[in-house]
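Read the figures in this text as sums done on the coordinates, not as results from a lab. Owing to the predicted nature of the structure, the values given are computational and were not obtained by experimental measurement. A quick note on method: Cβ atoms are made from the backbone with ideal geometry, for glycine too, and the neighbour counts reach across all protein chains shown.
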């Protein structure tokens, strides 16, 4: 007698499979965007990564890179949220703690954090340490050197790193010229203008269109500031006292027209006499 | 050939219980003799064999094979051992296993090939010789282990339960093989529960009970069947439980 | 005699199904390496190299943990060792022969991993030649040799543990813990000795120092950074690492033989 064939297991199996496939996409837990990949202090992270430090560094960097690619700055302030800056800083810090020889995190730190004036002291120190480790690399000492002078007012360190960059690149004349400007305590805006012009040139060479646009915008702001600075200097020489507002410069015909800020802010003269703009580019606000 | 003198061996189980396995055992087997070792389960037969082969060491006493102490590995150069279970490398084929066993004894490849072919034939394993041991039946595995014990033509053959796992055909095969080995003048030491085989194959027999050699005698001189003698000796020794 | 045992060991490894699983895993990870490298902006060569080397380290580690340990542990557990020891094979020779067989197996696996790594790195190089950086293929090969030595060292430790452990699982645990300690011992020692953490008890410092000397310092054999950036390794540094490895492994194997000689095989 033939044994009875039962459809029961086939039916229960198919139904269960269908239920599973339906529920699976709905059961996904939404992870908060700012969850740190590795939430341990760097030294401990190195120990726990055992022999996979470099791979962990790569993952951490990719996490930051993907985040940056998928996030847009706030429309009004043109900045990211404080917790987003904090997250990026920690993620990139972890990355270089795990593998101090990895170039990309330093690069990202420099473009995303330094110019947005987030923890510039700490970030540039990391870049400087990276420059010390990557002894064959002239890019990092160049960045560190520039940042030390323009953002952190440390002429000595700036000079050291810029000359190091020059040495490592076999005597790049641009690095030399910047180092010379630091030595003569040159005007910082002109210093930055020179830097940006070089960066735009490099970006053009590599065909990086998007980057060129950003840099050109920054350059425009700095050139505008420079024009105002020159006018302010003339005002001081003429009237024996520094100008109070930008409109005074225009009234005295020292400044021919009011320059416009491509970032949408307006220029003003700060208490210490330096020319600043209310927009993102030279915002006074320092994020903690 | 074999000389075991006043050997003591006890095992320490968990919780520091010392279990005596062999107590004051003395035994001798002459060259060319077939010695049968019988006794109840747990009497110490397998332990005695392992002591002989230096797999375990005695607490006191001495063991020697052919004049060499058991602790000297040279004493085992001409010994073939069949353990109580066929512990085989199941990822190898019988052919490869025998080749390995032969090479362990330093056999030359030409000699090995010849002997291997003959043994496989004799033990009816030629068909399966190129299949992995993992596919073998229990009986085939036992026969493979026996072949490995004999591949290097040893002078002393130590068999611990040679008939286990074999069907009647297999048993006949092995029985005839052992008889043939005896005819070749080899020294044979068998531990077995199949008392009829012991009666027919062995010259002398020893009954081990609770680690002592309770009886030793020549088979020819025995009046009655071996089972009766066995039960007699065991009862006299006062064995309480059946292990 | 030793050759016979060595060969059988090698064969057992090859016929172990775990080896195929590990090969598959390594291949997948190499594909993953190529994909991830595409997402990197600058240091593409470095990422490809150290992901490939990380894969190689991991795969070799799996071979030690799941194949090498099994071979000797099973030999003792299943008593298949009776065949060799009931012949005139000295116990010390047996251990040495087993070690050589495991070394041969490991060598073959690492060689295959080297081929896979080089292929992966070359593929990435073809895709992004200008961003490739200063990867040194010669150092990649040396790094693989270093992985081989490291895993050989770990194998010798696993053999020692299997002599004293009550089951193959315990051997497994002891071996993996040794690898974890060995990989981190240099970092931990540095951390403890640095002036940053002032509240470390002297006992902790002693324990860390003891562990540093007792367990093998596997950081000596980690040459990923050198290979990824073409940072040259001084011959003396390499020579010292090799000497250290050989010395440590020899000491461990000697201890293994001493213990094995006394071991009772019930």
For chain B, built as a Gaussian network whose Cα springs stay under 10 Å, the top-fluctuating residue of B:163, B:112, B:222: B:222
Give me the number: length gained by fully extending residue C:137 to residue C:20, i.e. 0.36 nm times residue separation minus the C-alpha to C-alpha distance, one decimal in nm. 39.5 nm
Heads up, the range C:200-266 by the C-alpha gyration tensor (a ≥ b ≥ c square roots of eigenvalues; a/c under 1.5 rounded, else a/b over b/c prolate, else oblate) looks oblate
C-alpha long axis of helix C:168-193 to longest principal axis of chain C, angle in °: 50
Specify the angular offset, from 0 to 90 degrees and rounded to the nearest 10, of the alpha carbon long axis of helix A:82-98 from the longest principal axis of the alpha carbons in chain A. 80
Among C:248, C:128, C:82, which one moves the most in a GNM of chain C with springs linking Cα atoms closer than 10 Å? C:82
For a quick protection proxy, order the peptides C:103-109, A:178-184 by their average other-Cβ count within 10 Å, most packed first. C:103-109, A:178-184
Label-reachable residues, the range B:130-173, where backbone N falls under 11 Å from a point 7 Å from residue B:180's Cα toward its Cβ: B:173
Which of C:66, C:148, C:99 moves most in a GNM of chain C, Cα contacts under 10 Å? C:66
Between residue A:156 and residue A:260, what is the label-point separation in nm under the 7 Å Cα-to-beta-carbon projection? 4.6
How far, in nm, would the chain grow between residue B:10 and residue B:109 when pulled straight, counting 0.36 nm per residue and subtracting the alpha carbon separation? 31.5 nm
What is the Cα radius of gyration of the protein assembly as shown over 2.2 N^0.38 Å, N being its residue count? 1.42
Work out the mean other chain Cβ neighbour count within 10 Å for the residues of A:53-66 and drop it here as an integer. 4
Simple SL model, points at 7 angstrom along Cα→Cβ for residue B:164 and residue C:31; separation in nm is 4.9
Between residue A:251 and residue A:272, what FRET efficiency follows from the Cβ-Cβ distance if R0 is 25 Å, with the result rounded to 0.05? 0.65
Debye sum, Cα scatterers, the range C:2-262, no solvent: what log₁₀ I/I(0) at q = 0.08, 0.09, 0.11, 0.14 1/Å? -0.37, -0.46, -0.67, -1.01
In degrees from 0 to 90, rounded to the nearest 10, what is the angle of the helix B:138-150 Cα long axis to the longest principal axis of chain B? 90
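Round to the nearest 0.05 the FRET efficiency obtained for residue B:199 and residue C:78 when R0 = 30 Å and r is the Cβ-Cβ distance.
That gives a FRET efficiency of 0.35.
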Given the -39500 (n - 2.57) contribution per DSSP H run of 4+ residues, what per-residue ellipticity at 222 nm results for chain C, rounded to the nearest 500 deg cm²/dmol? -26000 deg cm²/dmol
What is the fewest-to-most order of C:76, A:68 by other Cβ atoms lying within 10 Å of their Cβ? A:68, C:76
Normalising by the residue count of chain A, find the relative contact order in percent from Cα pairs under 8 Å and 6+ residues apart. 11
Just from its helices, what would the mean residue ellipticity at 222 nm be for chain A, if runs of 4 or more DSSP H residues each count -39500 (n - 2.57) and the sum is divided by every residue, rounded to the nearest 500 deg cm²/dmol? -19500 deg cm²/dmol
Between residue A:176 and residue C:128, Cβ-based FRET efficiency (R0 41 Å, step 0.05) works out to 0.85
As a test of understanding, state the convex hull volume per residue of the range B:88-153 from its alpha carbons, in Å³. 69
How much length is gained on full extension from residue C:176 to residue C:104, taking 0.36 nm per residue of separation minus their Cα-Cα distance? 23.8 nm
Diffusion constant of the range B:156-206 at 4 °C, which comes from Stokes-Einstein with the Kirkwood Cα-pair radius and 1.567 mPa s, µm²/s: 116
Placing each pseudo-label 7 Å from Cα in the direction of the beta carbon, residue A:204 and residue C:115 end up separated by a distance in nanometres of 5.0
Cβ neighbours within 10 Å, averaged per peptide: list C:200-211, B:24-35, C:84-95 in order, most packed at the top. C:84-95, B:24-35, C:200-211
